[in-house]
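Scroll down for the structure; my scribbles are underneath it.
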Amino acid sequence: MMNRIKTILLLSILTVLMVFMGNALGGTTGMVFAFLMACAVNFFSYWFSDKIVLKMYGAREISEHDHPAFYGMVRGLALKAGLPMPRVYIIPSDSSNAFATGRNPQHAAVAATEGILRILSPAELEGVMAHELAHVQNRDILVGTIAATFAGAISMIGNMLQWGALLGAGRRDDEQGSGGLIGSLAMAIIAPIAAMLIQMAVSRSREYLADESGARICGNPLALANALRKLHAASHMLPMTEARPASAHMFIVNPLTVGGLMSLFSTHPPMEERIARLEAMEIR
């Protein structure tokens, strides 16, 4: 419940930030233009990103005949979650990871690497796939697209403000001094960074929610916690070199190495915290 509230709050902050910047740019017109441009970009992403990302990683769709145990596991979890049967894919990679995609439960797909099928026990793998189905159940692709739309619009408005401030520098210096120029430039730089941080926070909040929902679907929080522990270690020993930043947020474990200040921009929460929350669920 708290993760849902946090997501709503963060999306509300993004909305307020966009309105504030739109007004700074020149009122409603600039804000609407940037928002519509961002919607157009993310509309394409929302409808076609599943096909793009599956092709990007060379994922191969399987049937029950190809891999009866894995396919049957996903089918059983989908029934528990009250979801339609998603398409099931295997990624030809020795790295250990998995993700879900698709614009809604009726057009969903789950994918797992060959590596994850080898290193996890059946119970741990079930926890991972329950996590992925929780993303489908919680419509996280839609939530992520909404957050990306607002962040993209804010970034566009920021670019417009930068150009407007620079091109109008001479006039502004005469009319209101250098403070107006500096203020516009500061807003143009800081607001997009703030929007990106909020977008990443939305993603982290949805990961916590998928962990919680996935643990309830499979009925075994500790199995998912153990799986995350194994996957975290495996990601350092055998990183997913083919992973791309644009799709890193989709995986159950961040396939990109993030540390230091850059962890603020991570799409995934700290692994230790995720594991601790799942273990606390088992205690309750």
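Net length available on complete extension from Ala233 to Thr29 is 68.5 nm, with 0.36 nm assigned per residue and the Cα-Cα distance removed. Taking θ as phi - 60° and the Karplus parameters 6.51, -1.76 and 1.60, the scalar couplings of segment 140-151 work out to 6, 5, 5, 4, x, 5, 4, 4, 5, 5, 5, 4 Hz in sequence order, x denoting glycine and proline.
Couplings for segment 194-210, taken from phi via the Karplus curve 6.51 cos²θ - 1.76 cosθ + 1.60 with θ = phi - 60°, read 4, 5, 5, 4, 5, 4, 5, 5, 4, 4, 5, 4, 5, 5, 4, 5, 5 Hz in order; Gly and Pro are left as x.
Under 5 Å between amide hydrogens, built in the peptide plane, is the criterion, and for Leu83 it picks out nothing among residues at least 5 positions away or on other chains. Note on segment 84-160: along the principal axes its Cα atoms extend 51, 28, 18 Å, ordered by decreasing extent. For segment 189-238, the Cα gyration tensor yields ellipsoid semi-axes of 29, 17, 5 Å (square root of five times each eigenvalue, largest first, whole Å).
Distant-in-sequence amide contacts of Ser93, defined by a placed amide H-H separation under 5 Å and a gap of 5 or more residues or a different chain, comprise Glu114, Gly115. Taking GluC sites (Glu not before Pro) across segment 44-127, the ones in a DSSP loop with at most 14 further Cβ atoms lying within 10 angstrom of their Cβ are Glu64. Residues Thr28, Thr241, ranked from the fewest to the most other C-beta atoms within 10 Å, line up as Thr241, Thr28. Here the Karplus curve 6.51 cos²θ - 1.76 cosθ + 1.60, taken at θ = phi - 60°, turns the phi angles of segment 77-87 into couplings of 5, 4, 5, 4, 7, x, 10, x, 5, x, 6 Hz, with x standing for Gly and Pro.
Taking Cβ atoms as reference points and 13 Å as the exclusive limit, the residues near Ile116 contribute a net charge of -3, counting Lys and Arg as +1 and Asp and Glu as -1.
Bear in mind that the values in this text are calculations on the coordinates, not laboratory data. If you're wondering where the values come from, they're calculated on a predicted model, not measured in any experiment. Heads up, the Cβs are rebuilt from the backbone with ideal geometry, glycines too, and the neighbour counts pull from every protein chain shown.
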